[in-house]
Structure formats: C-alpha cells, structure tokens
There are 2 protein chains.
Amino acid sequence: MLRRTTRDIRRANRIDVLRRVYAVGQASRQDIAGHCELSFATIANVVNDLLGCGALVEAEFQDSGGGRPRAVLTPNSERGLLVGVDIAETYVHVDLFDLALRVKHTSEHPIGPETNQPHDVASHVADALDTLLAECGASRADVLGVGVSVPGQVAPEKGVSVFAPGWDWHDVPFLSVLRERIDLPVYLDNPLMASTVAELWLGAGREVDNLVCITVGTGVGAGIAINGALYRGTNNAAGEWGHSVVVFDGRDCRCGSRGCVEAYVGAPGVMRTLLEVDQASPLYHGGDQTACIDALGTVHDDPAARETIRRTAGYLGAGVANLINILNPEAVVVGSWAGLALGPSLLPELREAVAAHALARSNSAVQLRLCDIPGNPVSLGAAIFALEGFLDEALTKPASRTKR
Amino acid sequence: MLRRTTRDIRRANRIDVLRRVYAVGQASRQDIAGHCELSFATIANVVNDLLGCGALVEAEFQDSGGGRPRAVLTPNSERGLLVGVDIAETYVHVDLFDLALRVKHTSEHPIGPETNQPHDVASHVADALDTLLAECGASRADVLGVGVSVPGQVAPEKGVSVFAPGWDWHDVPFLSVLRERIDLPVYLDNPLMASTVAELWLGAGREVDNLVCITVGTGVGAGIAINGALYRGTNNAAGEWGHSVVVFDGRDCRCGSRGCVEAYVGAPGVMRTLLEVDQASPLYHGGDQTACIDALGTVHDDPAARETIRRTAGYLGAGVANLINILNPEAVVVGSWAGLALGPSLLPELREAVAAHALARSNSAVQLRLCDIPGNPVSLGAAIFALEGFLDEALTKPASRTKR
DNA sequence: GCCCTATTTACAACTCTTAGACGAACTCTT
DNA sequence: AAGAGTTCGTCTAAGAGTTGTAAATAGGGC
C-alpha cells in the first residue's frame with residue numbers, strides 16, 4: 001500500500017506536487033522543486049501529467065529577471081466540480097467545490113430523529129446535490145467525484161459505516177445506498193480522516209508533513225498524518241484519542257469507559273466542568289451546547305468562565321501532551337466548533353499545560369495552533385478524497401490503457 | 001526517506017525478504033513469495049543480491065514432491081559477526097552475534113557513578129569487544145558492524161546522545177567517542193528503538209506489520225512500528241508513552257510532570273503501589289527493585305501482592321488502551337524485565353482493563369502478549385541496526401561503483 | 001541584431017518490477 | 001531405461017520511473 005511498484009512512487013510524487021500547488025495557490029515548477037525533494041526533470045514529468053488530465057493549468061507567466069519567464073501553475077478551476085458532504089448527527093452539509101477547492105455553493109439540511117436512517121440521509125445528499133448543481137447551472141457530468149463523511153467508525157474500502165454512535169447504525173453498507181441515488185464516483189470516510197486530510201492540504205500540512213489534527217466538538221478525536229499521508233491504523237480506527245484515559249477512574253464517558261479526554265474537553269464535558277465550578281452559572285444557557293460554549297469563549301470577565309477555561313486547558317493540555325510524547329509530531333492543530341470557539345481564550349493556558357506534561361525535546365519540536373481553514377474542513381477533506389480518487393482514475397488507469 | 005527513488009523500493013523489498021527469512025529461520029523462495037507481496041521474479045532478484053553479498057546461503061534442498069527441489073535459504077552465519085551493545089544506567093551489556101543473529105558470546109560490565117562518563121563507557125565497550133573476539137578466536141575484521149544503544153534521547157543521524165537522564169549527559173557526540181576506540185561501522189540509537197526493531201524481526205513482527213512494543217522496566221516506553229518499519233517521529237523521540245498522563249494530577253514523576261504512566265507501572269511505581277497497599281509488606285525487600293518485582297510476579301497467595309498486581313493492571317491497562325485507541329495497531333507486546341517478571345500474573349487482569357477502556361473495534365483488532373524474544377532484545381535490536389547498515393553499504397553503494 | 005540569462009524540454013542512462021519463456025532437477029510411469 | 005510430468009529457478013524483454021545533462025526556447029538589455 002505504501003511503496004511497492006514504481007507506479008506508487010509516481011502517485012506519491014503526484015500528490016506531493018499537487019499539495020504544494022494547492023498549499024500556495026499557485027507555484028512555478030521552480031517553486032515546487034524547492035519544496036518537494038524531487039529532481040527538476042521529475043517535477044516536469046509529473047506536472048505534465050497533471051496538465052494533461054486538466055488538474056492544473058499554466059495561469060500566467062512571471063518575470064524571471066532577465067530569463068525566460070516562469071510558467072505559473074494553478075489548480076484548474078474550470079476542469080470540473082467536486083462535492084464534499086459532511087454528515088453529522090443533526091445535519092447534512094453539502095459543499096460544491098470547483099477543482100481549485102473553492103466553495104461554489106453550500107447547502108445544509110437538518111436531520112431529525114425520524115429522518116436519520118440510511119435511505120433518508122442518502123436522499124438528503126442526493127437532493128442537495130441536485131439543488132446545488134441547478135444553482136450553478138452545472139450538470140452531473142461536470143462532477144468529478146463525491147466525498148462523503150459519516151460520523152463514527154467507517155471501513156472506507158468496503159464502503160461500510162461500521163458504527164455510528166448517535167443513530168443506531170451498525171455495519172450499514174452506506175456507499176451502496178448512496179450509489180443507488182448518485183450515479184457518480186463516491187468515496188466514504190469519517191470526519192476525523194476528512195478534516196486531517198484538509199489540514200494536510202490547506203492547513204498546517206502546508207508547512208509540515210507530520211501532524212496531529214485534533215477535533216474538539218461534541219465528540220473529540222485526533223487525526224494523524226505521517227510523512228504527508230493520512231495514518232489510518234489497522235481498522236481505519238486510529239485517532240480515537242477522545243477515548244484515551246487522562247483521569248484514571250474519572251468521569252463516566254458515553255463510550256462506557258471512564259476518565260476519557262472527551263468526557264472533559266468535549267462540549268458536554270466542558271459544560272459539566274462549568275457546573276462544577278458554579279452550579280448556577282447563567283453561562284450554562286440551560287444546556288444549550290452552542291450557546292454555552294460560545295459564551296465561555298467570549299466572556300472574559302466571568303470568574304466561573306475563567307476557571308472553567310483553566311481547568312479545561314489543564315485536561316486538554318495533558319491529553320495533547322500525551323499525543324506529543326507518543327507521536328513526536330511537528331504540529332498539533334486544534335479544530336472543530338468547540339475547539340475554535342474556546343481556542344483564543346484557551347490557547348495560552350493550553351500551551352502552559354502542554355509544556356508541563358510533554359518532554360522538552362518533543363515539545364520544542366512541535367507547534368501548537370488553531371485550525372485556520374475557512375469553511376467546513378470536513379466537507380473539504382471529503383472533497384479531497386474525491387479529488388485523489390479522480391486523479392488515480394485519470395492518471396493511473398491510463399497505464400493499462402496504453403498497454404492495449 | 002520513505003519513498004523517493006526506485007532504489008528505495010529495492011531497499012524496502014530487501015528488508016521485507018530478509019525479515020521473512022530471519023522470522024522463520026529458513027525459507028524457500030516460494031515461501032517468501034507467499035508472505036511478501038512480490039512477484040516471484042522480484043523475489044529471485046532480491047534473493048540473488050542477498051546471496052551475492054553473503055547475507056544468505058542456500059543451506060539445503062527440500063523435496064518438492066515430484067519436481068525440482070526447493071533451495072532452502074538461511075542467514076549465512078559464516079559471513080561475519082555483528083555486535084550489539086546495550087548500555088544501561090548500571091551496566092554495559094555486549095553481545096557478539098553471528099549473522100544469523102544467534103548469540104555467540106556475551107559480556108556484561110557494571111557501571112558505577114564514577115565510571116559513567118562517555119569515555120569510560122566507550123572504553124568498556126571497546127574492551128568488551130576485544131575480549132569477546134578473543135574468546136571466539138575472531139578478529140576485528142570479521143565484524144560487519146556494531147550497534148550501540150544508549151539510554152535516553154538520541155539523535156541517531158548525528159550520532160549524539162541528546163540527553164541521558166541517569167547520568168548527566170547532554171548533547172554528547174557519543175558516536176565519535178566510540179569511533180575513536182572502535183574502528184568499525186558503529187550505529188547509535190536508544191533501547192526503545194532497538195527493542196522495537198528486535199520485535200519487528202524476531203518477535204510479534206513475524207506475523208504483523210503494525211505493532212507497539214511496550215517496555216516496562218525502571219523506565220517505561222512504547223516503541224512504534226508502522227508498515228513494518230520503525231516509526232521515529234520528528235526527533236527520534238516518538239514512543240515516550242511512559243510520560244503520558246493517565247492519572248490527572250497524580251503521582252509526581254521523575255520527568256517533572258505528574259500522573260505519568262511510568263510513575264505507576266515502572267518498577268519504582270509498582271513498589272510504591274505495594275507500599276500503599278501494605279506499608280509493611282515484606283515483599284518490598286527494603287527497596288531492592290529486582291527482588292521486589294520478582295517477588296510480586298511469583299508470589300500468588302499474598303493479598304498485598306495480588307492487590308498490587310490488580311492496581312498495576314488497571315493503570316497499565318488504561319495506558320495500553322490509550323495506545324490502542326490512538327494507534328489502532330495489530331499487536332501490543334509487553335517486554336523489558338519488570339514487564340516480563342510481572343507479566344504472567346498481570347496479563348489476565350491487564351486484558352480486562354484494556355477491554356474496559358479501548359474501543360471495541362480497535363480492541364478486537366489487536367493482540368496483546370508478552371515479549372518472547374530470548375536474550376536481550378536491546379542488544380539484538382542494536383545488532384539489527386548494524387545489519388541493516390551493512391546491507392545498505394554492501395548493496396546500495398555498489399550501484400555507484402558500477403557507474404565508474 | 002546579438003548576447004545574456006533563466007526556464008523548459010528532450011534524451012540517454014540507470015533502476016526496479018513483472019510476465020513469460022526456457023532450462024534444470026527430480027519423480028513417476030511405462 | 002526412456003519419456004512424461006512437475007516443480008523450481010533463471011533469463012530476457014517490456015513497462016514504468018527518476019535523474020543528470022545537453023539542447024532548445026523565450027524574454028530583456030545593449
């Protein structure tokens with residue numbers, strides 16, 4: 001899977017080059033050569049492949065100071081469309097991207113308890129796709145691929161949702177269900193993997209090849225990227241850091257275990273901490289997750305809020321330090337809605353807490369920051385899965401075509 | 001470093017093939033083809049390289065049931081010698097291996113507080129090497145390489161011991177110090193990396209390509225292997241799981257943090273638990289680590305011992321479950337002296353504790369077992385580093401020789 | 001119009017994998 | 001004892017990739 005034949009090298013090089021172009025938006029061949037460790041000749045070959053399949057175009061020519069002008073390569077936004085779908089427990093978010101990974105149109109549908117069965121959800125996706133295409137005046141034929149993220153545990157190669165905690169999905173062959181309604185290449189994965197890939201292409205991965213992408217929302221997870229590639233583990237279950245123990249014999253967690261990171265730094269955990277600090281805090285907002293977390297992130301003069309942030313930073317810092325000690329990454333990125341809402345007030349104390357628990361050598365090698373990807377990183381990552389799939393089809397298959 | 005040129009593919013294939021031969025002791029080309037995902041022709045090519053440099057030999061011919069007999073390949077124990085050195089805080093352990101990685105002779109020197117400076121330690125190693133060679137009637141020229149493990153954090157490519165906690169080593173260029181005394185190829189790393197490589201070649205890695213190798217001694221760590229290769233992290237500091245937090249605000253740890261796994265399941269931590277259970281337990285043996293841990297592992301009818309084991313299994317189980325949740329490996333192996341001493345009595349309760357904390361999907365994919373490598377896995381792993389270095393020299397360099 | 005410089009492209013050399021043809025070695029049958 | 005059948009191992013040619021070098025290309029300055 002990693003490196004076997006020479007074609008795998010080419011595929012990897014292709015992704016490297018493309019990631020660089022997307023990372024900076026536009027790049028000359030020289031620029032790419034400076035950032036990927038490849039000879040110039042190889043860069044030229046790979047770029048020609050990518051120009052050939054329409055993924056890139058030579059957008060303009062740049063002055064080179066007295067020599068032949070540099071051709072500037074950019075993603076070819078005209079080549080086609082990609083669809084990224086973020087299915088969460090309460091909504092379906094569908095983004096239509098151009099090939100430059102810019103959002104063209106967005107749609108979001110709520111999901112209620114009575115409409116959370118596979119067929120309902122798949123219909124939502126299909127309908128949203130039709131609507132978005134109509135809005136753009138585009139047709140299904142323009143869509144190069146659809147990436148879909150489903151919460152919980154997923155077996156991407158089988159196209160199965162193994163377990164979705166919020167609903168009662170067990171071993172649902174969701175990919176088939178989707179394909180019945182959407183006659184396009186569809187790729188299935190989960191939000192953790194999707195947002196990590198997004199981070200790799202358009203986030204911290206622009207500067208770094210080994211990173212951990214922490215999502216702090218209602219649930220908590222940590223996507224892992226090693227050597228510029230997503231790390232999936234044996235079962236595509238790697239990154240379930242939210243259910244790693246940080247407080248032995250601590251709070252009950254919805255996973256059945258006790259003392260999990262998620263029970264302390266997931267939104268419900270933070271709210272519980274707030275109640276522990278001040279049982280009558282008005283910031284609790286009667287249990288409204290979004291309102292409460294937003295309030296905690298913005299109100300700076302409330303002592304209960306400050307104390308809640310402080311304690312949360314402590315728990316999260318211990319958990320993050322665990323990741324740093326175990327994985328020794330170059331970057332740790334905190335994302336998802338609760339992480340971003342609390343982030344600005346959390347970060348200074350989080351850094352302190354991490355430094356208190358992480359070994360100096362590992363801590364000095366890592367940068368800790370908030371996710372700065374605009375929009376929805378999950379649907380973006382899903383769309384990137386579709387992009388990768390399209391490229392593999394377009395550029396790896398032709399080999400067998402040539403063979404005749 | 002991972003995949004760049006086609007030559008890296010060959011190197012990776014070479015290691016795959018060789019690992020298979022070492023794993024089973026002897027293998028026909030057919031057998032290898034069945035276990036490495038390579039065409040028969042490639043197997044033959046790689047095997048010929050390895051025969052050419054003398055790493056393998058055709059030991060015998062096996063009946064094939066009516067056809068040309070299979071040549072059985074084995075490591076060529078006559079080709080030369082490898083040296084593996086395990087430097088610990090209190091001793092220097094030197095093993096002389098033949099190329100089949102069988103121990104020929106062993107030597108162990110204690111290190112006192114007054115002889116733990118780089119030059120002293122290097123002299124110990126050099127002296128031991130001379131002695132061992134004399135005992136075998138071999139000469140320095142027979143030695144293909146020397147692998148050296150130094151405790152603490154190491155930068156292998158620079159040959160520097162960055163920090164050794166027991167002594168006061170900071171950024172010691174230990175590789176140079178060794179080379180002054182030993183005029184042979186020397187490779188430097190730390191015990192965690194070494195024992196993980198040993199596990200990969202001659203332990204659980206025989207069946208599995210993704211594993212975590214836990215060492216439980218005075219210190220605690222977790223070496224990580226992904227896709228059949230050691231994972232080092234950014235700084236060669238990956239695997240410092242011993243200093244991941246499992247009890248928030250728990251026991252003070254020698255690293256300066258609190259609640260680390262090591263503070264509970266390292267030998268001193270276990271002994272502290274014993275005292276908490278029974279302040280006057282005779283099993284404490286006045287603080288003698290070896291005696292106490294051995295006693296805890298063998299005495300089954302002592303209630304304090306049982307309770308200590310139970311609690312230790314709980315802490316360790318939480319820590320191991322964290323690894324399983326985060327990394328989703330195929331195997332977790334527990335080793336090092338305290339782990340092995342406590343292992344048999346610990347294992348059933350450990351499995352329970354892990355199951356209580358790990359997600360079902362990840363837990364079902366993993367096998368948890370004790371290290372079954374005979375002898376010293378650290379010096380063995382160090383010797384394997386030397387073996388890999390020798391092969392790279394012998395088989396990758398010749399390319400440039402041919403170039404003329 | 002010529003030179004200079006920087007960028008691209010083209011080409012040849014080298015590697016590696018793989019499929020398939022062929023030869024080698026052994027057993028079994030006739 | 002001579003084929004016939006099997007199973008292994010080697011060899012060769014084709015397909016695919018990377019890379020260094022040489023040649024072609026395209027402005028800008030004089």
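Distances from residue A:102 to itself in the other copies, using label points 7 Å out along the Cα-Cβ axis, amount to 6.9 nm in increasing order. Peptide packing: for A:326-339, A:77-90, A:365-378, the average count of neighbouring Cβ atoms within 10 Å per residue gives the ranking A:326-339, A:77-90, A:365-378, highest mean first. Each label was represented as a point 7 Å from its Cα along the Cα-to-Cβ direction; for residue B:393 and residue A:63 these points are 5.5 nm apart. In nanometers and ordered shortest first, the copy-to-copy spacing of the residue A:130 label point, defined 7 Å from Cα toward Cβ, is 8.8.
For the protein assembly as shown, the antiparallel share of DSSP beta bridges with both residues in that region comes to about 70%. For all pairs of alpha-carbon atoms in chain B, what percent lies in each bin of width 20 Å, listed from the first bin to the last filled one? Over chain B, the share of Cα pairs per 20 Å bin runs 26, 55, 18, 1 percent. Across segment B:257-404, the relative contact order, built from alpha-carbon pairs under 8 Å that are at least six residues apart, equals 22 percent.
Judged by the gyration tensor of its Cα atoms, with axes a ≥ b ≥ c, the protein assembly as shown is oblate; a/c meets the 1.5 cut and b/c is at least as large as a/b.
Here the simple spin-label model places points 7 Å from the Cα toward Cβ, and for residue A:369 and residue A:227 these points are separated by 2.5 nm. The calculated FRET efficiency for the pair residue B:170 and residue A:26, based on their C-beta separation and a Förster distance of 45 Å, comes to about 0.50. Cβ crowding within 10 Å, taken as a proxy for footprinting-reagent exposure, orders B:345, B:161 from fewest neighbours to most as B:345, B:161. Taking amide hydrogens as placed 1.01 Å from N in the peptide plane, the amide H of residue A:247 sits under 5 Å from those of B:248, each at least 5 positions away in sequence or on another chain. For segment B:356-373, the Karplus equation 6.51 cos²θ - 1.76 cosθ + 1.60, evaluated at θ = phi - 60°, returns couplings of 6, 10, 8, 5, 4, 4, 6, 5, 6, 8, 10, 10, 10, 8, 8, 5, 10, 7 Hz by residue, with Gly and Pro reported as x.
Scalar couplings 3J(HN,Hα) for segment B:247-256, obtained by applying the Karplus form with A = 6.51, B = -1.76, C = 1.60 to θ = phi - 60°, are 10, 4, 6, x, 4, 5, 10, 5, 7, x Hz; x denotes Gly and Pro. Proximity of backbone amide H atoms, modeled 1.01 Å from N, is registered between residue B:101 and no other residue at under 5 Å, excluding neighbours fewer than 5 places apart on the same chain.
Each part gets one Cα centre, and for segment A:339-390 versus segment A:50-127 those centres are 22 Å apart.
Couplings for segment B:107-123, taken from phi via the Karplus curve 6.51 cos²θ - 1.76 cosθ + 1.60 with θ = phi - 60°, read 9, 9, 10, x, 10, x, x, 8, 10, 10, 8, x, 5, 4, 4, 4, 5 Hz in order; Gly and Pro are left as x.
Other protein chain C-beta atoms within 10 Å of residue C-beta, averaged over B:247-257: 4. For residue B:63, the distances from its label point to the matching points in the remaining copies are 8.4 nm, ordered from shortest, with each point set 7 Å beyond Cα toward Cβ.
Mean sequence separation of contacting Cα pairs (under 8 Å, at least six apart), scaled by the length of segment B:47-94, corresponds to a relative contact order of 26 percent.
Only Cα pairs under 8 Å and 6+ residues apart enter the sum, and on that basis the relative contact order of chain B stands at 15 percent. Three semi-axes describe the equivalent ellipsoid of segment B:39-166; taken as square roots of 5 times the Cα gyration tensor eigenvalues and ordered largest first, they are 38, 17, 12 Å. Rounded to the nearest 10 degrees, the angle from helix B:289-298 to the longest Cα principal axis of chain B is 90 degrees. In this structure, the amide hydrogen of residue A:145, modeled 1.01 Å from its nitrogen in the peptide plane, lies closer than 5 angstrom to those of A:83, counting only residues at least 5 positions away or on a different chain. Classify segment A:116-244 as rounded, prolate or oblate, taking a ≥ b ≥ c as the square roots of the eigenvalues of its Cα gyration tensor: rounded when a/c is under 1.5, otherwise prolate if a/b is larger than b/c and oblate if not. Because a/c hits 1.5 or more and a/b fails to exceed b/c, segment A:116-244 counts as oblate.
By its C-alpha gyration tensor, with a ≥ b ≥ c as the square roots of the eigenvalues, how is segment B:95-183 shaped: rounded for a/c under 1.5, else prolate for a/b larger than b/c, else oblate? Since a/c reaches 1.5 and a/b is larger than b/c, the shape of segment B:95-183 is classed as prolate. Place a point 7 Å from the Cα of residue A:276 along the Cα-to-Cβ direction; which residues of segment A:238-265 have their backbone N under 14 Å from it? Within reach of a label on residue A:276: A:246-253, A:258-265. Looking at segment B:169-248, the pairs of alpha carbons with a distance over 15 Å make up 63% of the total. The calculated 222 nm mean residue ellipticity attributable to helices in the protein assembly as shown amounts to -14500 deg cm²/dmol, summing -39500 (n - 2.57) over DSSP H runs of n ≥ 4 and dividing by all residues.
Any read-out appearing in this document is the output of simple, stated calculations on the displayed coordinates, not a laboratory observation. Owing to the predicted nature of the structure, the values given are computational and were not obtained by experimental measurement. Neighbour counts run over all protein chains shown; Cβ positions are idealised from the backbone, glycine included.
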